Each structure stands twice: as structure tokens, then as C-alpha cells.
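Encoded as C-alpha cells, the structure appears first; notes follow it.
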Amino acid sequence: MPFLRKREPREPKKAKPRSLGRDAMRRLMKNRAAVAGGVILLVLFFAAIFADFVAPYSYTEGSVLDNYAGPSAAHPLGCDFMGRDMLSRLIYGARISLAAGLVGAFTAFIIGVTFGLISGFFGGKTDNIMMRFVDIMYAFPTLLLIILLMVFFKSSLSVSGVAAEGFRGTLSNIDRAMGGMFFIFLGIGITSWLGEARLVRGMTLSVRNTEYIEAARAIGVPRRRILFRHVLPNVLGPAIVAQALQIPGFILYEAFLSFIGLGVNPPTPSWGMMLSDGYIAMRSHFHLVLWPALAISITLFAFNFLGDGIRDAFDPRQTR
Amino acid sequence: MEKNVLLQVEGLVKHFPLRKGTFRRSKAAVRAVDGIDLFIREGETLGLVGESGCGKTTAGRSILRLLEPTAGRILFRSRRMAEAMSAGAEGVDVAKATPRQMHALRRDMQIIFQDPYSSLNPRMTVGAIVGEPLLVHNLARGSAREDRVLEVLTAVGLKAEHMKRYPHEFSGGQRQRIGIARALVLEPQLVVCDEPVSALDVSIQAQVLNLLEDLQREFGLTYLFVAHNLSVVKHISGRVAVMYLGRIVELASTERLFADPRHPYTEALVSAVPVPEPDITVERIILEGDVPSPVNPPPGCHFHPRCRYAIETCRTQAPTYRDLGEEHFVACHRSEELRLQPARSK
């Protein structure tokens, strides 16, 4: 029978040391949705990093003749209200979105892990005070807080045209040099480490009570080494996964802020800003909102699939 | 302190305060260990038995100062501490040791845990787990450390190729061997075995018990063997201490304890040991009720609400813990008059 393939004699399995990370990688590669998400993201990252070579046109300059132009051979995705090539702007816009997602997650990760680890490991009064602080921060509505922060940054720090002085000036200069991205990072970073801190604290508490920590104490391992060699590595996996799952949220924050005009400075393209530029003419020129909206959706899907895949790979016992 | 006594525990108490309310004031305490006395001679195995929650694990951990004892003295004749070795010295009081002394003492007293799954760090290789004690005590580096780790792994029945693997690649019995290797790599004198076989399959239990006995002979180890399985304890220990609700109720050599129990609780425990002999029928004593809460233990003898021999004195006065002769210690008002039923034997 043709469909019965001859089975290859199985090679004797070599006893290779398998770390948990390598095991997780193997499981991740078996998850098709996650791999698809990963491939999409790789393409996006490639395009974003090499935007200068990939994008067919400049993102700042357009031709008046091409205002609102629909898709054509020269401009596959059409042009926006200023005749700028949509494809090029989308590609450059990926930089902002990905950067917002990654930097947001990274900042939240660093602050959250440090805070949670200290709080959980030292316990007692330290823990109590630190967690009450988190509780208070939690009471603010995140989005509102980000909006307020952005308004504050934009209005009081970036004095347009006038070179501000001192610390404020430095901040606003950095922000201007980054096309308005810096304050987005800052806003997201300040507000989004709380969940991570709580998670890491909880994990630390549970790891701290395991027998291998007790064994380490019985051996006479110094506290610092227990913290970094025994507790931290066991907390890191879930902490990373949690932040990977947060990335889509951060991308959405950026898009939203840019949409309401608190994000990047024009002419820096961001998907959220493209949406906001396009929605006025949405009825007659639907492509203006279609592409950036699609770009956001696909990116979010990709991150979600990959994030879920990573989570499942690290914890195969947990089923959805 | 006798010359060959390695560890002498006097009046060890461990209370866990219960904190409640906004200001976390301590209102009551769990009296996990409520004053125990025992000693262990060099090279012997002292079994410590009792039902769940009687404080036997807490006692073991307090002796190693993994838990801070509330009161009592833990005199330990550490091989490496000069003042402990001088003539007439009572040994180091572990309960009062400074952090620096404690660090040095840890080389001589180690612990083997019950759960072979949670007692090994999943992020470290076996080589790193067993080598860590050498690292933190600065005893061997590089290839010398590796050699030593390999030596210990071989002694517990593992192989060189296992060194680079991670704990999740091993079976329960193998993992327990890794835990034993970690405890032995520092060449300790005293090893507290905290229910080392309770989490293993019965077939593996025997292997690990035999290994522990072999290692004891080979390295001259002294064991404090905490367990709730009387058959296991009977097999491995030379002397047995029976705990009930934070106190030792009886302590005697294994033969005596089983042949001539002097405390009603021991009698009940001993009667529950199954004997693989269908013809033997001896009355099995079933204790009524539950173990009272260690937060407010009953007055007098802790055991009186469940004791079928209890008299008025038992309700009001705590019995003294005394030697009936030949190191048969017991804490019961009626030890001398009662004729209790010995263990069934083949």
C-alpha cells in the first residue's frame, strides 16, 4: 500500500542533557499558530529595521498629484491625504509599534521583576509597604493615567520651538530626537509594571517556601546567592511569558495615543496616527484606514499567538 | 554529656505565633514543639515517629536551625569546631551559634528531604546541585570539585553522565539519591532524614533505605530519622522516640519499645503495625477522636482525651518525662502500673 511508508529504524536516543528552556523550544516549534506568529513578526522586524532599504518611497514626502490615490502599480497600497506612499509609511510605522511594544514590555519587566523580587524575598514590613504602594498605583485607571502623563509631558516638557533648559530640556530633546517616541515609552513604562511586580512577588513567595530553598539554607548558601541563583531563575520564565502577553496591549496603547494626538510627532508615521489622519476621509477613501487597521490587527494576532505558544511551551501541563 | 553523644537536645521549644488583625499582634501560638529532650549517640539512628502535625518535622528543622527555636539548647559535638572538641566541653549550642559559627556548623549537619520533586532546584544541573555545597564552603574548585561530586554520586548509585542532566529527567528514587548526594558531599556527622522514603514507591523505599544504611556504615553517619511509618522506623533505627502533640511521650531502644511499650499512645501505634501473618490476631487499638489543636492543647497530659487508661490526675497534671531504667524514657502517670500490649510478632 502506497500510503504505508516504510518506517525508518529509529535511532537510539542519545542521552543529551535537556534543560527546561530547550524542552520549551521544542514544544514551541510544534505549535503551528505560534510559529506562524513568529514568522510574521520576523518579517515585520526585518522590515522595520531595514525600513530605509525596504520602503519604496520616503515617508515624509509625497506628490500633490497623488493625494488620496488608490492602489496602483506605483503605489501598491495607495497614497494618503498628502500623497505620501502608504506602504512606506506602514513600514516605517512598524518601527514605532514594535518599539513601543518591546520597550514597554522590557521596562515593565525590569521594574516589575526588581520590585516583586525584593518585595517577595525580604517579606515582612518591606513587602507590606511595597505592595501597598502597588495597590495605590493600581487604583488609578491605567489609560487615564497614561493620557494625563502624556499631556503633562507634551505640554510642560516639550515647549515647542523654544529650547527648554535643564532636565526638562534634556528630556524634551530626547523625545524630539526620537520623533515623540520617548514619552510614549516613559508613559507606558511608568504605568504597566504593576501587574508584573505582583506576579513576581507571588512567584517569589512560593519559590521561597520550596524545599530546595530550604536545602540551600541547610547547606549554608548566602542569601544573595539564594536570591540570584535559586529564586530568580525560577521566577524568570513566567515573568517573561507574562510580559510577552502584554506586548499587544502596549502596541494598542501607542496606537491609541497617536490616534488622539498624544503620540508621536508628525511627520513620524505611526499606525495609530495614520488611522487618525485617515478616518476623516474614510467614507470616500477607505484604504486610508484599512491598511493601518489591518497592520495593527495582524501584529496583535501574531504577538498573541506567539505569546500563548511560549506560555504553553513553558508550562505544558496547563491547558487552556 | 556522655562522651559518645553527638547531639543532645534539651527542652527544645518551637512556637509559631499566629498573627491576626490589622496590627499583626501575636495573640496565640501554634505549639509545634513543646519542650523535647533527646540525645543521639555517634553512629546510631534515632527514629522520631508520630502522626501528621505532631511536630516531628519541626523538631528536625529546629535542630538544624532552619527554623529559629523558641527556647532550649541544642548541644552538638561538631568535629570542626575547636571548642567543642576540648575535654569536658558540652559541644556547641546550635541554638545560640552566631551566623558565622552556623555557617561552619552546616558542614557537619545536613538534611535529606521528603519530597524528591520539590527539593531539587529545577534550573540547576545535578552537577551544580551536588557541587554547590563545595562551592559555598570554598572546599574544592574546578576539576577537584567535579571529582568530588562524581565520587559522591557514585556512592549513592548514580553515574558520571548524570552530572550534566536536570532533575526533571530523573525518577523519584533517583532524585532522592541526588538529594542524598547533596547532603553527603560535605561529609557531615549528623544527617536529619525528614521522611526520606514517604514519597517513594514501596519498591524504591527499600532501595533507598538500604542505601542509607550502607552510607551510614561507610561514612560513620549519625541519623535522626523522622518518619510516620513504624515499619520503616523499626527497620532502620536503633532507638525510637514517639512524639505526640509537640512532646516526646516515649523513647526507648527499638526492641524495648515494641516489646514493652509503656505509654498508651505507643501501645496504640504499635498495635497498628500490620504483620504479614494471617494467624496472628491481636486486638487493634483504635484511638477515638482527633489530635487536639496544638494552639490550645489539652491541660495535663496532652494525650488524656484519647487515652483509655486516663485517670483524674491525667486531666490536671502533665506527666514528667522520666527514665524507667535502661534508658527507657516515658511521660505517663501510669507507666509503672499498666500492663500494655506489646507489638504483634511472628
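If you place +1 on the Cβ of every Lys and Arg and -1 on the Cβ of every Asp and Glu, how big does the dipole about the Cα centre of the stretch A:77-314 come out, in debye to the nearest 20?
Its charge dipole is roughly 620 debye.
Take every DSSP beta bridge with both residues inside the protein assembly as shown and express the antiparallel ones as a percent of the total, to the nearest 5. Don't skip to the end; give the middle numbers.
On the way: 31 of 49 bridges.
Taking every DSSP beta bridge with both residues in the protein assembly as shown, the antiparallel ones total about 65 percent.
Starting at 0 and stepping by 5 Å, how many percent of the alpha carbon pairs of the stretch A:229-315 end up in each bin?
3, 14, 18, 17, 14, 10, 9, 7, 5, 2, 1, 0, 0
Among the complete DSSP H segments of chain A, which ones combine at least 27 Å of alpha-carbon extent along their axis with a mean Kyte-Doolittle hydropathy of -1.0 or more?
A:86-122, A:232-259, A:287-314
Positive end of the dipole of the stretch A:77-314, charges at C-beta (+1 Lys, Arg; -1 Asp, Glu), about the Cα centre: which of A:253, A:136, A:264 has its Cα farthest in that direction?
Value computed over the given set: A:136.
Residue A:228 to residue B:283: FRET efficiency via 1/(1 + (r/R0)^6), r the Cβ-Cβ distance, R0 41 Å, to the nearest 0.05? Can you show the working numbers first?
Values: r = 58 Å, r/R0 = 1.43.
With a Förster radius of 41 Å, E is 0.10.
Using the Cα centre of the protein assembly as shown as the reference point, and only Cβ charges (+1 on K/R, -1 on D/E), how large is the resulting charge dipole? Debye, rounded to the nearest 20. Present the calculation step by step, with values, prior to reporting the outcome.
On the way: 78 positive and 61 negative charges, 136 e Å.
Magnitude of the dipole: close to 660 debye.
Once you average over the residues of A:206-212, how many Cβ atoms of partner chains fall within 10 Å of each Cβ?
Values: counts 0, 1, 0, 1, 8, 12, 14.
Going residue by residue through A:206-212 and averaging, the value is 5.
Treat each spin label as a single point 7 Å out from the Cα along the C-beta direction, and report the residue A:236 to residue B:104 distance in nm.
Roughly 3.6 nm, to one decimal.
Compute the long axis of helix B:172-184 from its Cα atoms, compare it with the longest principal axis of the Cα atoms of chain B, and write down the angle in degrees, 0 to 90, nearest 10.
80 degrees
Tell me, in nm to one decimal, what length is gained between residue B:235 and residue B:290 on full extension, where the rule is 0.36 nm per residue of separation less the Cα-Cα distance?
On the way: separation 55, 0.36 × 55 = 19.80 nm, distance 2.78 nm.
Full extension from residue B:235 to residue B:290 adds 17.0 nm.
Each residue of the stretch B:299-310 in order: what ³J(HN,Hα) in whole Hz does its phi give by Karplus 6.51 cos²θ - 1.76 cosθ + 1.60, θ = phi - 60°, with x for Gly and Pro?
Each residue of the stretch B:299-310 in turn: x, x, 6, 4, 8, 4, x, 10, 8, 7, 9, 4 Hz.
Can you pull the mean other chain C-beta count within 10 Å for peptide B:114-121? Can you show the working numbers first?
Details: counts 1, 3, 1, 3, 7, 6, 4, 12.
Mean shielding count: 5.
Is the shape of the stretch B:88-162 rounded, prolate or oblate, going by the alpha carbon gyration tensor and its root eigenvalues a ≥ b ≥ c, with a/c under 1.5 for rounded and a/b larger than b/c for prolate?
Details: a/c = 2.19, a/b = 1.70, b/c = 1.29.
Prolate, since a/c reaches 1.5 and a/b exceeds b/c.
Whose amide H sits under 5 Å from the amide H of residue B:244, counting only residues 5 or more places off or on another chain, with H placed in the peptide plane?
Correct list: B:249.
Want the number for residue A:297 to residue A:138: 0.36 nm per residue separation, take away the alpha-carbon distance, what's left?
Working: separation 159, 0.36 × 159 = 57.24 nm, distance 2.77 nm.
That pair, residue A:297 and residue A:138, stretches by 54.5 nm at full extension.
With unit charges on the beta carbon (Lys/Arg positive, Asp/Glu negative), name the residue among B:223, B:311, B:103 whose Cα is farthest towards the positive pole of the charge dipole of chain B.
It is B:103, whose Cα lies furthest towards the positive end.
Partner chain Cβ atoms within 10 Å, averaged over the residues of B:176-188 - can you pull that number for me? All intermediate terms of the calculation are to be shown ahead of the outcome.
Working: counts 0, 0, 0, 3, 0, 0, 5, 3, 0, 1, 2, 0, 1.
Mean partner shielding for this stretch: 1.
Which angle between 0 and 90 degrees, to the nearest 10, do you get for helix B:142-155 versus the longest principal axis of chain B when only C-alpha atoms count?
Once rounded, the angle reads 40 degrees.
Under a 5 Å amide H to amide H cut-off, with H placed in plane at 1.01 Å, what residues pair with residue B:192 once short-range neighbours are removed?
Residues meeting the criterion, in which the H sits 1.01 Å from N, are B:110, B:111, B:112, B:224.
What's the buried accessible area, both sides, between B and A using a 1.4 Å probe, rounded to 100 Å²?
Values: alone 16390 and 18700 Å², together 32660 Å².
Chains B and A together bury roughly 2400 Å² of accessible area.
Can you tell me which of A:280-287, B:30-37, A:169-176 comes out highest on packing, and rank the rest after it, using the mean Cβ neighbours within 10 Å?
Values: A:280-287: 13.4, B:30-37: 22.1, A:169-176: 16.2.
Ranking the peptides A:280-287, B:30-37, A:169-176 by packing returns B:30-37, A:169-176, A:280-287.
Tell me the label-point distance for the pair residue B:338, residue A:65, using the 7 Å Cα-to-Cβ offset, in nm and rounded to one decimal.
11.0 nm
The values are calculated or read from the model by the stated rules, or taken from the named source; none is laboratory data. As the structure is a computational prediction, the values presented were derived from the model and not from experiment. A quick note on method: Cβ atoms are made from the backbone with ideal geometry, for glycine too, and the neighbour counts reach across all protein chains shown. To get the accessible areas, we keep the full protein, side chains included, count just its heavy atoms, and leave off ligands, DNA and RNA. Shrake-Rupley method; radii C 1.70, N 1.55, O 1.52, S 1.80 Å.
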